[in-house]
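What follows is one structure encoded as structure tokens, with my remarks underneath.
Coordinate-derived values only; no laboratory data. Here the structure is a predicted model, which is why all the values come from computation and not from measurement. Cβ atoms come from the backbone with ideal geometry, glycine included; neighbour counts cover every protein chain shown.
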Amino acid sequence: MIIATHQPIFSPWLGFFFKAMHCDLLILLDDVQFPLGTTWVSRNRFKFHQGMLWLTIPVWKKGRGLQKINQVEICYQQDDWPRKHLASLSTAYAHAPYWEDHRPFWEELYRQRPTKLLDLNLKIIDYLKTSLLAIPVNIQLSSSLAIEASGSERLVEICRRLKATTYLAQYEARKFIQEETFAQAGVEVRYFRFHHPVYPQLWGEFISNLSAWDLLFTCGPRSYNILARSPFKVISPPQT
């Protein structure tokens, strides 16, 4: 079994789903510390006429101390931000061929006003994965495993619990992974590089690494094939 891990980020980029396509089980690290500074867990990039459009989910931090991701609550006291998000997306993608197909999801998501950031992110991830990108990978929360270890030891224990033979990671993450710890546990580490596909975008020059929504709004049913055509090549052993 091939396992990969990722934090449950807000409106993930295409690399998130590309990794999901090439593993058997994707573990979302929901019981690790929520970063104190800016983080992809609560914000991501879209595109509009001036370039990059950042959307951020306001969350409660003051007085909460060190929170795990699955403890973070959304703040709804800031200037009616759900309405502003919808207005920004509508302005940015009004001329995208498939914006109207997915507008109801966003309207219903914000109408529900999820309490936890994790719940909001999971709804988006599931919608993108299942309904749009048609990726059959299974997803599981790390909190369901109740693992206390941290760092590479935590990742290795996840592999042990789930009887994984291989841990898949992006090449850029190699500096954070203690390969000897995996080797001692009999788990192979495989690295890959994601080559971002170029596709038709609105608003001029192409910008890579935006939220996967940008591809879906502009390419709709073709999105899966566009992502699937990106080459997948294992880099092993790690290069310097």
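A compact table of results
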item	result
Residues with amide H under 5 Å from that of K47, placed H, sequence gap 5 or more	L53
Charged-residue dipole, Cβ positions (Lys, Arg, Asp, Glu), the chain about Cα centre, Debye nearest 20	160
For the chain, calculated [θ]222 nm from helices alone, where every DSSP H run of n ≥ 4 adds -39500 (n - 2.57)	-9000 deg cm²/dmol
Rounded to 10°, Cα long-axis angle of helix 151-161 versus longest principal axis of the chain	80
Part-to-part distance (alpha-carbon centres) for segment 137-193 and segment 46-62, which is given in Å	31
Label-to-label distance, nm, for residues given as D119 and Q33 (7 Å Cα→Cβ offset)	2.7
Modelled FRET efficiency - R0 22 Å, F206 with Q112, Cβ distances, 0.05 increments	0.05
DSSP beta bridges in the chain [antiparallel fraction, %, rounded to 5]	45
W54 versus K233: modelled label distance in nm, points set 7 Å from Cα along the beta carbon direction	3.4
Two-decimal ratio, segment 116-157, of alpha-carbon radius of gyration to 2.2 N^0.38 Å	1.45
Max mean-square fluctuation residue, GNM over the chain, Cα-Cα springs under 10 Å, options A169, A149, A96	A149
Among T56, T38, T166, residue whose mean-square fluctuation peaks in a GNM of the chain (springs only between Cα atoms under 10 Å)	T38
Stretch gain in nm, segment H195-A94, where the contour uses 0.36 nm per residue and the Cα spacing is subtracted	33.6 nm
Gaussian network model of the chain, springs between alpha carbon atoms under 10 Å - residue of G65, G186, G220 with greatest fluctuation	G65
Spin-label pair R174/S150, simplified geometry with 7 Å Cα→Cβ offset, distance in nm	2.6
With 10 Å bins from 0: P(r) over the chain, alpha-carbon pairs, percent	7, 30, 35, 22, 6, 0
Using alpha-carbon coordinates, inclination of helix 99-112 to the longest axis of the chain, degrees	80
